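Just below is one structure, and these are the notes that go with it.
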C-alpha cells in the first residue's frame, strides 16, 4: 500500500500507531464523560442549589496607604474614610439609565460615565468604583433613589488626607488612579484599573512600601442587593509608614517666607545628607487630587503658567551663574592656574578678540587676589581663570562635583541638567568650542544648566571637603506591627579627589563672601556663616537669584541653597532669605545660643 | 496502488471533462462527516443564540448568530474548495505557507490589535483576523510534507529534532501574544504527528522527561496571570472571586444542568451572566447547564465520530502524505475539544481555547472547516487511488 522500500515504517505499523492514538482519544473522552457524570448526576443537586443561590458579590477592601511622619514624629499624611459609588457591572440592567441618573447627581458628563462603564464591564462580577469620594448631598441623593440604581452600592474606602495642605507638596507628592501605562509596567504588578497609586514625590518613589495589600470580602446578597451573609473576608493590610528626615516646622517656615515667590530652598544636615526641608514654590494642595476633580480643574493645574506641579528643586534647570565660580575656583587652584598671592586687575571688563565681557561692577574691582575675587564675585578674575583652564578642565571639575548628572535623590522625575563639552557642542550645533564659551562657562553662564538640587549637592561636597553623602529624606520605613523594614543611614557614596588645602581656601573665600562681600545680606550676628551668591542671566526675563551657604563655619551643621526664579540679584533676593532660614534653624534648635538682633 | 508517481496535470485529477470531474469528486465527499460537523455547528448556534439574544447591540438580538452563520457558510465553501484540490499540491505550497504564517505571526507581535492585554489580532479589510489559527493549519501541512519527504529516515532521532525546531518558532511567537493555549496546540499537533510517523517508544519517554524538566524554565517565562491560572487550577478555592471565579462558576453551571438540563434559554448561570465568555471559551458550560448530561453526551458523541472518521481517513489514505495530513487534523481538533471541555469542567487549567465548530469566532470556524476540507481531500483520493 505504501511506497516503502528500504524503510522500516510500514503501513501496518502506522495503522497500529493510529489505533493507539484513537485509543488515547477514547480514554480522554471517557475521562470527560466520567467527570460529566460526577458533576451533573452525583453532585448535580448540590450544584443546582448553588446556582440558585448564586448571589454572591465580591467586594474589594482597599488597603489604607501607610502614613507619613516628619523627623519629629508629626503626622503629615494620613487617611480618611470616603464614600465611593461602586457598581457590579453584571448586575446592572440598563447602563444608559444609570449613567443618566448618575450624571445629574455627580455633575459628570454622561458620555464619560458610559465610557467608564465600558471599561468596568471587563470584570463584570467585581465591584468597581465609578465615582470616588462623594459629597454629603450626593450620598443622600443616591440613597434616596436607590431603587433606580440596581447593581450599585456605596462603599467606604480609605482616601488620602494631607493634613497640612500644601506643606512640602512636591516632596510628598500626590495620589490618583493608576494609568494605563502604569498598569502595563512591572512596577505595578497585582494592581488593576481604578487602584490608587502615588503619582509624584515620596508617594510615587516609595509606592510599593506605602501601598499595602488589598483585602476582599465575599458576601451573599438577596434579590434587593442587601448583604445577608459574609462568606469570606480577607482583611486588607495597611501599607508601611514612612518617617522622614524633614522638619515640618522648618519646611512650613520657609514656605511662608517664600510665599508669593517662585523658587526653591533646600536645607540639609551637613555631615549626613539628611534633607531637613525642600521647598518649591509655588505649591499646591495634594488633597485636590483625591477629591472629584473636573477636567477643567485638572487642566488648570497641569497647564498653569507657574507650572505648580513642577518640583523646581529637581525638575527645574537653570544657569547657576556665579555660584559656579566655586567650581572654577577649585579647578584653578587644583590645576595651579593661579596662586593665592597672584593679583589680577579688574578694569570692569575683559577683552577677548573683538568681544568685550563685562564685570558686574562696571567701574571695576581693581586688583583682585583669589580670596577677593570670590568675596566680590569678580567676573573679570574668573574670565581669566576660564580662559586659562579651558573647557575640558572646567567640564571635568563640574562633572566631578555632580553637575550634569542625576544626584539619585529618592524622588522620581529628577532632571540631569547640562554640562557642556566640546563633543556636546559639535554634536548639538555642529560647531567648535569657541574661546568665548570658556569665558561664559567660567561664571556659570552659557550652555550650563543645573537643577537647584545639583547645586546644593555641589555645596555639600565642598562643605564636607570632598566627601559625597547620599542625599535622602526618608529616615526609616516601619510596618504596621512596628518593625523597622528599612532604615537609611548616612552614607558616603564617593569622594571627590581635590586637595584639602583647596577646600580650605575656597571655604575661606566663602566666609569672606558673607562677612564683607556679596553675601552680606545673609549675615547673622554671632554666627559664622560661609556662602556664595549668584545672579543668573537667562533669556526668559529678570535674572535668577542664588545663594548657597553653610553654617557654622567651623564644624558645619547645615548646608542651605536658596534659589529665587527671576528674583534679580542673588545678594538681594536669595541671600536675605537664606539668612532668615539659618537664623530660624538655630533659634529653633536652641533659642539661647544665637542672639538675634531684630 | 501508488499515486505518488502519477503525473498530475490538473487539480481535478480524475474524470474526463471538468464538470464530470467536479461531479465525481463532489459525489465522493464523506457526507456523514459533513453532516455531523454541521450538527456541531447547530449546537453552537443554539448556544450562541441562547446566551446573546438578550444582549442589546445596534444590530439587534441576532447579531452574533448572524455573524456565526456567515462564518459557517464561508467555512463550508472553503471546505469544498480545499477538498477539490489534490492534497499532493501541499508538497509545493507547504513551505511558503509556513513562512507566510510566521510573517503574519511576527506582524501580530509588533502591530497586532490588543484586546484584554493580549495582542492576537490583525485587521484586514475591516475583519479581525487571528493568524495563530491559520498557523495551526500551516504547521499541519508543513510537518506532513516534512515527514513525507523524510520518510526513509523517520526512525532516526535527528529527524524528530528538526520538526521540533519548526514547531517551536511559531509556538514562541504565539506564546508571546500571550496565548498559552494556542501555543500548546502546536505542541499537540507535533507530538501526535511524530507519534504516528513512527517515533520509537524510548524517544517518546525521553521527550516526556525533557518536557517535565523544562517546566521550571517555562514557568519563569509565564506571565503572572498565566501562573495564577495554573495555581488556581490546582486550587480554585484560593481566590474564589478573582481568577478562580471562572472555573468555579463554570463547574456550578455544568453541575446544575443535571440529567436533562435547565432547558434552552433558562440556565440560571448562563442567563444571569455569572458565567464568563459564554459564547466563546465557556460554551460547553452553557450546553452542560441548559441541555444537561444527555445534551453534553450527544455533543461528545458527535466529536468522537468526527475524530474516528479522521483516524479512518488517515489509515486509508493512499500514501504517507495523506496519512500525516489527516493525523495532524485529528490532533488539532482533538486537542481543542479535549482542552476546552476539560477546562470547562475544571480538569485542565483555563487556557482560553475555543471549542471546535461550536464556539463563536470567525477565524477559528474557518480554520476548522479548512481542516475538514483537508480530510475530504485525502478521503476522495483514497477512493480513486
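The values are calculated or read from the model by the stated rules, or taken from the named source; none is laboratory data. Keep in mind that this is a model prediction, so the values were computed, not measured. Virtual Cβ from ideal backbone geometry, glycine too; neighbours counted across all protein chains shown.
Among the residues of the range A:525-560, count how many are under 19 Å from residue A:376 (Cα atoms) and in a strand (DSSP E or B).
Residues that pass the stated criteria total 16.
Could you tell me which residue of the range B:341-359 is farthest from residue B:136 (Cα to Cα), considering only residues that are surrounded by fewer than 24 Cβ atoms within 10 Å (Cβ to Cβ) and without any contact (Cβ under 8 Å) to a residue 60 or more places away in the chain?
Ranking the qualifying residues of the range B:341-359, first place goes to B:347.
So is residue A:118 more than 14 Å from every other protein chain (Cβ to nearest Cβ) and at pLDDT 80 or above or not?
Working: more than 14 Å from every other protein chain (Cβ to nearest Cβ): no; at pLDDT 80 or above: yes.
No; evaluated as a whole, the condition is false for this residue.
Determine, yes or no, whether residue A:20 is at pLDDT 90 or above, more than 57 Å from the chain's Cα centre (by Cα) and either more than 7 Å from chain B (Cβ to nearest Cβ) or closer than 30 Å to residue B:327 by Cβ (or both).
Details: at pLDDT 90 or above: yes; more than 57 Å from the chain's Cα centre (by Cα): yes; either more than 7 Å from chain B (Cβ to nearest Cβ) or closer than 30 Å to residue B:327 by Cβ (or both): yes.
So residue A:20 fits the description; yes.
Check the range B:250-260 and report whether any residue there is more than 9 Å from chain A (Cβ to nearest Cβ), farther than 27 Å from residue A:88 by Cβ and modelled with pLDDT of 75 or more.
Looking only at the range B:250-260, we keep the residues that are more than 9 Å from chain A (Cβ to nearest Cβ), and these are B:250, B:260.
Checking the rest, the ones that are also farther than 27 Å from residue A:88 by Cβ come to B:260.
So of that shortlist, the ones also modelled with pLDDT of 75 or more come out as B:260.
Looking through the range B:250-260, at least one residue is more than 9 Å from chain A (Cβ to nearest Cβ), farther than 27 Å from residue A:88 by Cβ and modelled with pLDDT of 75 or more.
Which condition number in (1) at pLDDT 75 or above; (2) within 14 Å of chain A (Cβ to nearest Cβ) is the one that residue B:269 fails?
Status for residue B:269: all satisfied but (1).
Can you confirm whether residue A:77 is under 22 Å from residue A:287 (Cα atoms), at pLDDT 80 or above, in contact with a helix residue (DSSP H, G or I) (Cβ under 9 Å, 6 or more places away or on another chain) and more than 12 Å from chain B (Cβ to nearest Cβ)?
Numbers: under 22 Å from residue A:287 (Cα atoms): yes; at pLDDT 80 or above: yes; in contact with a helix residue (DSSP H, G or I) (Cβ under 9 Å, 6 or more places away or on another chain): yes; more than 12 Å from chain B (Cβ to nearest Cβ): yes.
Taking the combined requirement at face value, the residue satisfies it.
If you go through the range A:471-487 one residue at a time, how many are buried (at least 18 other Cβ atoms within 10 Å of the Cβ) and assigned to a loop (DSSP other than H, G, I, E, B)? Quick ask: steps written out before the conclusion?
Step one: filter the range A:471-487 for residues buried (at least 18 other Cβ atoms within 10 Å of the Cβ), giving A:471-475, A:477-478.
Still in the running and assigned to a loop (DSSP other than H, G, I, E, B): A:471, A:473.
Qualifying residue count, the range A:471-487: 2.
Tell me which residues, restricted to the range B:298-349, are within 7 Å of chain A (Cβ to nearest Cβ), out of contact with any helix residue (DSSP H, G or I) (no Cβ under 7 Å at 6 or more places or on another chain) and closer than 22 Å to residue B:255 by Cα.
none
Quick check on this structure: which one of B:292, B:288 is farther than 16 Å from residue B:339 by Cα, facing chain A (nearest Cβ under 10 Å) and modelled with pLDDT under 95? Spell out the reasoning first.
On the way: B:288 fails: farther than 16 Å from residue B:339 by Cα.
Step by step, each of B:292, B:288 is checked, and only B:292 is farther than 16 Å from residue B:339 by Cα, facing chain A (nearest Cβ under 10 Å) and modelled with pLDDT under 95.
Checking residue A:362 against (1) buried (at least 23 other Cβ atoms within 10 Å of the Cβ); (2) within 17 Å of residue A:535 (Cβ to Cβ), which test does it fail?
Of the numbered conditions (1) buried (at least 23 other Cβ atoms within 10 Å of the Cβ); (2) within 17 Å of residue A:535 (Cβ to Cβ), the odd one out for residue A:362 is (1).
Tell me which residues, restricted to the range B:58-112, are over 21 Å from the mean Cα position of the chain (by Cα), outside any loop (DSSP other than H, G, I, E, B) and within 22 Å of residue B:357 (Cα to Cα).
Those that are over 21 Å from the mean Cα position of the chain (by Cα), outside any loop (DSSP other than H, G, I, E, B) and within 22 Å of residue B:357 (Cα to Cα): B:63, B:66, B:84.
Restrict the check to the range B:32-52 and report whether at least one residue is away from chain A (no Cβ under 14 Å), at pLDDT below 90, part of a loop (DSSP other than H, G, I, E, B) and over 24 Å from residue B:309 (Cα atoms).
no
Looking for something touching a strand residue (DSSP E or B) at 6+ places or on another chain (Cβ under 6 Å) and either crowded, with 22+ Cβ neighbours inside 10 Å or more than 14 Å from chain A (Cβ to nearest Cβ) (or both) - is there at least one such residue anywhere in the range B:129-140? Outline the logic, then answer.
Residues of the range B:129-140 that are touching a strand residue (DSSP E or B) at 6+ places or on another chain (Cβ under 6 Å), as a first pass: B:129-130.
From what is left, the residues that are either crowded, with 22+ Cβ neighbours inside 10 Å or more than 14 Å from chain A (Cβ to nearest Cβ) (or both) are B:129-130.
Yes: one or more hits.
Could you tell me whether any residue of the range A:281-303 is buried (at least 21 other Cβ atoms within 10 Å of the Cβ), closer than 16 Å to residue A:562 by Cβ, at pLDDT 90 or above and in the same structural domain as residue A:414 (by TED's automatic domain parsing)?
no
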